[in-house]
Amino acid sequence: MDLAALLPALIPSWSSVVLLGTFFAYLAAAGSILPGKVVPGAALPDGSRLRYRCNGLVSLLLLVALLGLGAWMDFLRPTIIAERGLELLSTTFIFSTLVTLVLYAAGCNSGSNSSSLKPHLAGNLIQDLWFGIQLNPQFIGIDLKFFFVRAGMMGWLLINLSVLARSVPDGNLSLSMVLYQLFCVLYILDYFVHEEYMTSTWDIIAERLGFMLVFGDLVWIPFTFSIQGWWLLRNNVELTTIAAIANCFVFLIGYMVFRGANKQKHVFKRNPKALIWGHPPKVVGGKLLASGYWGIARHCNYLGDLLLALSFSWPCGLRSPVPYFYPIYLLILLIWRERRDEARCAEKYREIWAEYRRLVPWRIFPFIY
């Protein structure tokens, strides 16, 4: 796409504002009204715990059903997101920036001493805007951190479904598109089936809410994780049967490692005596799990995530690096995050962490890194 066509397509319209606003309004209403398991979050430094209503799967299925009904009744076009992708991207970016500024202003004016709302100012404006200054800011009773990651995951699926709808009349519904769409649908549905596991992740427990998470959840996840679908709309890739089967194996192995590792960590935090692979867990210093996947590598869940990302891109073939933006970016991000995690854990656990590193020497890739 040339620059002359790109710039006008990026200009937000009132239609994109309405689409985005309607999406957020639905998520806010559905998240508050629909039934779901209420899960207590991790204990905060002041002893309090937030409670999360994990009804994301019900909200997602209802949303897709309503959109399908609307398309069937000719009330809306299923390709509308694919048609307005760039202006939705710029609209969401502007919204993320405004939210970041509001969060910063609200945090600076907060007089709360609770762990969730107490402001943590670093004294550097850029750093405070990027990382945020409050741990769990809320709006009309909605935990924004949990809300934004849910919006990002659902947005990713909606973009993919719209791209899929556009590929049918365009004649681009290839095996590559089917595999990519199938892998993403399974991954996103699995996320919402196990949504309660999100409550024990580092982002929810320890990261403050600033531009890094707001932009990452609302813009980065839906609009960059869907690059493969956009690329397949304009490029025909013929996969061999062997390549398709190999791609499926990579997805399944990645899923097994990713979901298995996260499940073991979540269960261990809830019940430190629960069996891991049929055996009592090996625990270092009474705190760090060194059994199962966590006895193979200190961040084995990252390995599963990388294999899944690779499986999303392989249907696009090898003739262009563009569809591999996601796994390449994810590799860089996870190594950077793993380094941050290592530094924090070394400071927090000290000699316990040194012993854990001795027992589990590999960071992400066993026998490699």
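Which cross-chain or sequence-distant (5 or more) residues have an amide H under 5 Å from the amide H of CYS54, H modelled 1.01 Å from N in plane?
Close amide H contacts, sequence-distant or interchain: LYS37, VAL38, VAL39.
Return the sequence-ordered ³J(HN,Hα) values of region 173-185 in whole Hz as given by the Karplus equation 6.51 cos²θ - 1.76 cosθ + 1.60 applied to θ = phi - 60°, using x for Gly and Pro.
Along region 173-185, the couplings run 7, 8, 4, 4, 5, 4, 5, 4, 5, 4, 4, 5, 4 Hz.
Among LYS265, LYS118, LYS145, which one moves the most in a GNM of the chain with springs linking Cα atoms closer than 10 Å?
Looking only at LYS265, LYS118, LYS145, the biggest GNM fluctuation is shown by LYS118.
Taking a probe of 1.4 angstrom, what is the accessible area of ILE245 in Å², to the nearest 10?
Here the residue's solvent-accessible area equals roughly 90 Å².
Among TYR197, TYR324, TYR26, which one shows the biggest mean-square fluctuation in a GNM of the chain, springs joining Cα atoms closer than 10 Å?
Comparing TYR197, TYR324, TYR26 in the GNM, the peak value goes to TYR26.
For region 7-65, what log10 I(q)/I(0) values come out of the Debye formula at q = 0.12, 0.22, 0.26, 0.30 1/Å, with one point per alpha carbon and no solvent?
-0.48, -0.87, -1.01, -1.13
Principal axis lengths of the chain from Cα atoms, whole Å, largest first?
Reported extents, whole Å, longest axis first: 60, 56, 41.
Defining a contact as two alpha carbons under 8 Å apart and six or more residues distant in sequence, what relative contact order in percent does the chain show? If you can, show how the numbers build up before the last one.
Working: 463 pairs, mean separation 57.4, N = 369.
Contact order relative to length: 16 percent.
Pairs of lysines 8 or more apart, or on different chains, with alpha carbons under 26 Å: count those in the chain, would you?
Lysine pairs satisfying the spacing and distance rule in the chain number 28.
At 1.4 Å probe size, with the rest of the protein present, what percent of the exposed accessible area of region 276-369 is carbon and sulfur atoms?
On the way: 3140 of 4890 Å².
That share works out to 64 percent.
Report the residue, chosen from GLU207, GLU338, GLU347, that carries the largest GNM mean-square fluctuation when the chain is represented by alpha-carbon nodes joined by springs under 10 Å.
Among GLU207, GLU338, GLU347, the largest GNM mean-square fluctuation belongs to GLU347.
Taking every pair of alpha-carbon atoms in region 82-165, what share in percent sits in each 10 Å bin, from 0 to the bin with the longest distance?
15, 41, 26, 14, 4
Hull surface divided by four, with the convex hull built on the Cα atoms of region 251-335: how many nm²? Walk me through the numbers before you get to the answer.
Values: hull surface 24.4 nm².
Hull-based average projected area comes out at 6.1 nm².
Could you check the simple spin-label distance between PHE325 and ILE242, using points 7 Å along Cα→Cβ, in nm with one decimal?
3.2 nm
Output ³J(HN,Hα) for region 264-275: one whole-Hz value per residue in order, computed from phi by the Karplus curve 6.51 cos²θ - 1.76 cosθ + 1.60 with θ = phi - 60°, and x for Gly and Pro.
4, 5, 5, 5, 4, 5, 7, 8, x, 9, 5, 5
Could you order GLU196, GLU342 so the one with the most accessible surface comes first? Probe is 1.4 Å.
Numbers: GLU196 45, GLU342 15 Å².
Largest to smallest exposure gives the sequence GLU196, GLU342.
Apply 1/(1 + (r/R0)^6) to the Cβ-Cβ distance of TYR369 and ALA29, taking R0 = 41 Å, and write down the FRET efficiency to the nearest 0.05.
Values: r = 45 Å, r/R0 = 1.10.
That pair, TYR369 with ALA29, gives E of 0.35.
With every protein chain kept in place and ligands, DNA and RNA left out, what is the accessible area per residue of region 110-150? Probe 1.4 Å, answer in Å².
Details: 2060 Å² over 41 residues.
Accessible surface, normalised per residue, equals 50 Å².
Averaging the inverse of every distinct alpha carbon separation and then flipping it gives the Kirkwood radius. What is it for region 1-146, in angstrom units? Mind showing how you got there, number by number?
Numbers: mean 1/r = 0.0553 Å⁻¹.
Hydrodynamic radius (Kirkwood, Cα only) of region 1-146 equals 18.1 Å.
³J(HN,Hα) across region 187-203 via Karplus (A = 6.51, B = -1.76, C = 1.60, θ = phi - 60°), whole Hz, x for Gly/Pro?
Per residue, the Karplus-derived 3J(HN,Hα) values read 5, 5, 4, 4, 4, 6, 4, 10, 4, 4, 5, 4, 5, 10, 7, 4, 4 Hz.
Let's test the formula: R0 of 51 Å, r as the Cβ-Cβ distance of LEU252 and TRP14. What FRET efficiency results, to the nearest 0.05?
Working: r = 44 Å, r/R0 = 0.87.
Using R0 = 51 Å, I get an efficiency of 0.70.
Residue separation times 0.36 nm, minus the C-alpha to C-alpha distance between GLN138 and LYS287: what's the value?
Values: separation 149, 0.36 × 149 = 53.64 nm, distance 3.04 nm.
Extending this stretch completely gives an extra 50.6 nm.
The values are calculated or read from the model by the stated rules, or taken from the named source; none is laboratory data. Everything numeric in this text was worked out from a predicted model, so none of it was measured. Cβ sites come from the backbone with ideal geometry, for glycine too, and all protein chains shown count toward neighbours. For the accessible areas, the whole protein counts, side chains as well, though only heavy atoms, and no ligand, DNA or RNA atoms are used. Shrake-Rupley method; radii C 1.70, N 1.55, O 1.52, S 1.80 Å.
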